[in-house]
1. Yes or no: Leu285 under 27 Å from the mean Cα position of the chain (by Cα) and surrounded by fewer than 17 Cβ atoms within 10 Å (Cβ to Cβ)?
2. Please specify each residue of the stretch 389-414 satisfying the condition of being of a type outside the set (A, V, I, L, M, F, W, C), in a helix (DSSP H, G or I) and under 19 Å from Asn329 (Cβ atoms).
3. Of all the residues that make up the stretch 234-253, how many are over 17 Å from Ser275 (Cβ atoms) and surrounded by 21 or more Cβ atoms within 10 Å (Cβ to Cβ)?
4. Condition first: at positive phi and charged (D, E, K, R). Now tell me which residues in the stretch 168-222 satisfy that.
5. Could you tell me whether the stretch 92-101 includes any residue that is of a type in the set (Lys, Arg) and surrounded by 14 or more Cβ atoms within 10 Å (Cβ to Cβ)?
6. Check Arg202, Arg187, Arg183 and return the single one that is buried (at least 18 other Cβ atoms within 10 Å of the Cβ), touching a Leu at 6+ places or on another chain (Cβ under 6 Å) and among the basic types (Lys, Arg).
7. Of a type outside the set (Val, Ile, Thr), surrounded by 18 or more Cβ atoms within 10 Å (Cβ to Cβ) and more than 30 Å from Arg395 (Cα to Cα), is that true of Ala261?
8. Inside the stretch 53-80, can you point out the residues that are at pLDDT 80 or above and either in contact with a Pro (Cβ under 8 Å, 6 or more places away or on another chain) or over 19 Å from Ala95 (Cα atoms) (or both)?
Amino acid sequence: MPSATQSAPAIAHCPHCAAEVPVDADRCSSCGRLVRERSARITLAITLLLIFAAIALTQSFVNLHRQTEMGLARRWFARGEQAMQAHLYKFASDAYRTALNYDRENEQYRLRLAQALMGEGSRAAVAEARAHLLSLWEEEPANGEVNLTLARLEAQRQHSSDAIRYYNDAINGVWQDDPRKHRTEARFELAHYLMQQHNPARAQAELLALLADAPSDPADQLLLGQMLLRVNDSQHALQAYSALLASHPDNAQAWLGSGQAYLALGNYAEAEHASARAVEHDSQLEAARSQLDLARELLRIDPAQRGLPLAERADRTASNFEAAFKRLNECAIEQKVNLAVPGAAAPSSSGNATTAGTSPTTAATANSTAAPGPLQLLYTSGSQKQADATAKALRKNPDGIEPMMQYVFEVEQATAPLCPNMSLTDRALLTLAQHESESPK
């Protein structure tokens, strides 16, 4: 029998049969079922709760760290963008590379790093840029911006065939926002590159594709007209300018371009009208004023205009001959060429026509045997034509008008590279000469 100081063993009851069970027993001696199941479940639940709490806490720390890294990446990327705008390409590439250290899978950061390395221009930087770009291209070969950047890189490396291929892939590629705008810009860039490569025919094809696509932006329409003029496609340039003027009739630059196209096509009346409209909408546009003066001078001197009576054609041709012959003499003076003696230089300001150690007889012999230059030949030919170049003579002989104008054109074309400063009339005659040489025979 236990002593008074000893306590009785603790007794619990079975939750199934209510029989008394010692508290340290796992099963009921009466029914044999587990008596500690509830406490086991509670323990398990608490354990799982603690595990989930630890996971959540760990995840929160991971997310916090990730957010911190993303914030640092964005901060360094912003610094790189600022450096790119300032053309500080070395600093920009360092900033983008740091941003990538915090966000290694960011495609935008990788692309901008490649662009900054291209800006650096060194062989090592360009090689690294190409590696980044090819990696991006392999992941997404239809990406428009990646292809455009690759095109620029290959152009920088002077690999024209690869550059053209990537330009075309950029035009047909996928763009995240405003794809039509980006494709138009890429096609413009390709056309400009082809012009730099002295391939105007392919450049014209790209520009005509743009014209067919009918860009709606006024700046694009204006640029399209200007580039078509540069590839000598004045007729299609007029289409581009007309589309722009249909919606923006006060655009002075479009009127100026239209006037230039009409001049190239030989339609001087329309050129005068378009140039006048350009001046009307922008009185400070000096190019328009100069073009207007030229168009009006062309209308004044051109003997080939339709509807002119014979007398007027003869008068104009005679005046043009006089202007060209005067131009020939003035250019010879400027070039110090003595037209009267073939092959001889004009006397110096001191009047001494011979050099030291050369007798006048020797100099005269050299002058008489030297081959005549182009200015001397033109002078000789013009001197022989003078009697037939009067208005009276040309009225009697209308068939002489065309060959007389051919002589005028030869003089203007021969003197233009030698003496670039010329009068308005000579500018107009040179324009007529250029247009005549480009006309189909």
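The values are calculated or read from the model by the stated rules, or taken from the named source; none is laboratory data. Quantities reported herein were computed from a predicted structural model and do not represent experimental measurements. For neighbour counting, all protein chains shown are included, and Cβ atoms are generated from backbone atoms with ideal geometry for every residue, glycine included.
1. no
2. Tyr407, Glu410, Glu412, Gln413 - these are the residues of the stretch 389-414 that are of a type outside the set (A, V, I, L, M, F, W, C), in a helix (DSSP H, G or I) and under 19 Å from Asn329 (Cβ atoms).
3. 1
4. Keep residues of the stretch 168-222 that are at positive phi, which gives 178, 198, 214.
Once the filter is applied, which keeps residues that are at positive phi and charged (D, E, K, R), the stretch 168-222 yields only Asp178.
5. Looking for residues that are of a type in the set (Lys, Arg) and surrounded by 14 or more Cβ atoms within 10 Å (Cβ to Cβ), one finds at least one in the stretch 92-101, hence yes.
6. From the options Arg202, Arg187, Arg183, the qualifying one is Arg187.
7. Considered against the rule, which asks whether it is of a type outside the set (Val, Ile, Thr), surrounded by 18 or more Cβ atoms within 10 Å (Cβ to Cβ) and more than 30 Å from Arg395 (Cα to Cα), Ala261 comes out as yes.
8. Ile55
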